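Inspection log for the structure reproduced underneath, given as structure tokens.
The values are calculated or read from the model by the stated rules, or taken from the named source; none is laboratory data. The structure presented is a predicted model; accordingly, all values stated were derived computationally and were not measured. Please note: Cβ atoms are built from the backbone with ideal geometry, for glycine as well, and neighbour counts cover all protein chains shown. Note: areas computed on protein heavy atoms with side chains; ligands, DNA, RNA excluded. Shrake-Rupley method; radii C 1.70, N 1.55, O 1.52, S 1.80 Å.
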Amino acid sequence: MKHSLFMLALVCTSWLWHSRPAVAAPAALPAKPLAGPPPEAVNEAIKAPLTRHNRSIKGGAHTNMGHHGEAPVILAAAAMAGNTAADARLLEQMRYTMIGGNDITANGGYPAQHDRHVTAMYTIAKLTPRIWNQLSAVERQRIDLLMKAAFVSCAFTTSDNNPFVLAKTQQYTVDGDSNLNRDWNPNFREGMVGGLLVGVVYFGGAEKAQAVLEGYRHTPFVNEVAAA
């Protein structure tokens, strides 16, 4: 979790930096390439089992890699930094997660911390043309759906206008899970907030991300997910 949060912060900072208004770089401060994970960490991530998510996996985290799930983000960060050794395994993980039954739960609750390993991976990959351009239009659409599901669910559970927060009652996720409270330990809170961070970057900035939320209609979205 620590590695994923570090990589997420690194990528969000990089994206914000590259999205700033254009200014001339000082001659004494030439642009430097983004630092990637150490080679030994990349090698371990390549060897790690593929991360799978499913509601039926025991433990409440909805993943087979609850305590060792950083590999997808490390692979993506390595690829973004120009380490092509991670490309094949990264693409394999990205496509594996698109398969129904391997995909994230995206309920905005406790499993959100583990969803971040996938949504951060996709976000970093989208910022890496060498990787993103190898995906088909159908594959990108499936990723869009997963990212939208995660973004909307985390926006719901973190919102000050959440009906359960306003009523000061038991809080619930979008699928009715009660294992949730915005004031509980960081492993509950960080995943939800992280879902908003990666969503803003993935969808192209705060205004576009806000448009995703304002344009969300539940039934059409569920039908679109089912069709995919």
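Give me a comma-separated list of calculated 3J(HN,Hα) values for the stretch 59-65, in order, Karplus coefficients 6.51, -1.76, 1.60 applied at θ = phi - 60°, integers in Hz, x for any Gly or Pro.
Here the 3J(HN,Hα) series is x, x, 8, 6, 8, 7, 10 Hz.
How large is the helix-only mean residue ellipticity at 222 nm for the chain, computed as the sum of -39500 (n - 2.57) over DSSP H runs with n ≥ 4, divided by its residue count, in deg cm²/dmol to the nearest 500? The partial results should precede the final answer.
Details: 11 runs with 130 residues, N = 228.
Helices in the chain give a 222 nm mean residue ellipticity of -17500 deg cm²/dmol.
Compare ALA76, ALA112, ALA88 in a GNM of the chain, Cα atoms joined below 10 Å, and give the one with the largest fluctuation.
Comparing ALA76, ALA112, ALA88 in the GNM, the peak value goes to ALA88.
With all pairs of different alpha carbon atoms counted, what Kirkwood hydrodynamic radius in Å does the chain show? Before the final figure, lay out each step's value.
On the way: mean 1/r = 0.0552 Å⁻¹.
Computed over the chain, the radius equals 18.1 Å.
Taking θ as phi - 60°, what are the ³J(HN,Hα) couplings along the stretch 150-167 by the Karplus curve (6.51, -1.76, 1.60), each to the nearest whole Hz, with x for Gly and Pro?
So the J values, rounded to whole Hz, are 5, 5, 5, 5, 6, 5, 5, 6, 9, 5, 5, 9, 4, x, 6, 5, 4, 7.
Please list ARG89, ARG55 in order of solvent-accessible area, largest first, computed with a 1.4 Å probe with all protein chains present. Kindly include the intermediate steps, with their values, before the conclusion.
Working: ARG89 45, ARG55 135 Å².
Ranked list, largest accessible area first: ARG55, ARG89.
Can you pull the one-decimal nm distance between simple spin-label points at LEU50 and VAL225, each 7 Å off the Cα toward Cβ?
2.1 nm
Classify the stretch 54-101 from the C-alpha gyration tensor, please: rounded if a/c falls under 1.5, else prolate or oblate depending on whether a/b exceeds b/c. Let's see the in-between values first.
On the way: a/c = 4.09, a/b = 1.91, b/c = 2.14.
Oblate shape, in that a/c is at least 1.5 and b/c is the bigger or equal ratio.
How much net charge surrounds TYR96 when only other residues with a Cβ under 13 Å from its Cβ are counted (Lys, Arg +1; Asp, Glu -1)?
Values: positive: ARG52, ARG89, ARG95, ARG142; negative: GLU92, ASP103, GLU139.
Taking every other residue near TYR96 into account, the sum is +1.
Which one, PRO38, PHE221, HIS68, projects farthest toward the positive side of the charge dipole computed for the chain from Cβ point charges (K/R +1, D/E -1)?
Of PRO38, PHE221, HIS68, it is PRO38.
List, largest first, the extents of the alpha carbons of the stretch 122-228 along their principal axes, each in whole Å.
The principal-axis extents, from largest down, are 46, 29, 25 Å.
Mean separation of Cα pairs under 8 Å and 6+ residues apart, divided by the residue count of the stretch 58-169: what relative contact order is that in percent?
Result for the stretch 58-169 is 31 percent.
Where does the charge balance sit around ALA61 when Lys and Arg score +1, Asp and Glu -1, over other residues with C-beta under 11 Å from its C-beta? Don't jump to the answer; show the numbers that get you there.
Details: positive: ARG55, LYS58; negative: ASP115.
Charge balance near ALA61 sits at +1.
Between the helical axis of 87-98 and the dominant principal axis of the chain, each derived from Cα atoms, what acute angle in degrees is found, rounded to the nearest 10?
The two axes meet at around 10 degrees.
Hey, could you pull the Cα Rg and Dmax for the stretch 176-215, both in Å?
Rg and Dmax of the stretch 176-215, Cα atoms, are 12.4, 32 Å.
Per the 1.4 Å probe, what fraction of the accessible area of the chain, in percent, lies on carbon and sulfur atoms?
On the way: 6950 of 11860 Å².
Looking at the chain in its full context, I get 59 percent from C and S.
If you plug each phi of the stretch 129-141 into the Karplus form 6.51 cos²θ - 1.76 cosθ + 1.60 with θ = phi - 60°, what whole-Hz ³J(HN,Hα) values come out, in order, with x for Gly and Pro?
These are the phi-based 3J(HN,Hα) values: x, 4, 8, 4, 6, 8, 8, 7, 4, 5, 5, 5, 5 Hz.
Against the longest alpha carbon principal axis of the chain, how many degrees, from 0 to 90 and to the nearest 10, is the axis of helix 71-80 turned?
40 degrees
Using a/c under 1.5 as the rounded threshold, could you call the stretch 24-159 rounded, prolate or oblate? The axes a ≥ b ≥ c are square roots of the C-alpha gyration tensor eigenvalues, and prolate needs a/b larger than b/c, oblate otherwise. Write down the numbers at each step before the final one.
Numbers: a/c = 1.75, a/b = 1.52, b/c = 1.15.
Prolate, because a/c is 1.5 or more and a/b exceeds b/c.
To the nearest 10 square angstrom, what accessible area does TRP184 show with a 1.4 Å probe?
Per-residue accessible area (TRP184): approximately 100 Å².
Which order do LEU135, LEU166, LEU34, LEU50 take when ranked by solvent-accessible area (1.4 Å probe, heavy atoms of all protein chains), largest first? Each step should come with its number before you reach the end.
On the way: LEU135 10, LEU166 110, LEU34 55, LEU50 35 Å².
Putting LEU135, LEU166, LEU34, LEU50 in descending order of accessible area: LEU166, LEU34, LEU50, LEU135.
What dipole magnitude, in Debye to the nearest 20, does the chain give about its Cα centre under +1 on Lys/Arg Cβ and -1 on Asp/Glu Cβ? The partial results should precede the final answer.
Values: 20 positive and 17 negative charges, 36 e Å.
That gives the chain a dipole magnitude of about 180 debye.
Please list the non-local residues whose amide H lies under 5 Å from the amide H of HIS53, H modeled 1.01 Å from N, same-chain partners needing a gap of 5 or more.
ASP103
Quick one: accessible area per residue over the chain, 1.4 Å probe, rounded to a whole number of Å²? Walk me through the numbers before you get to the answer.
Details: 11860 Å² over 228 residues.
The answer is 52 Å² per residue.
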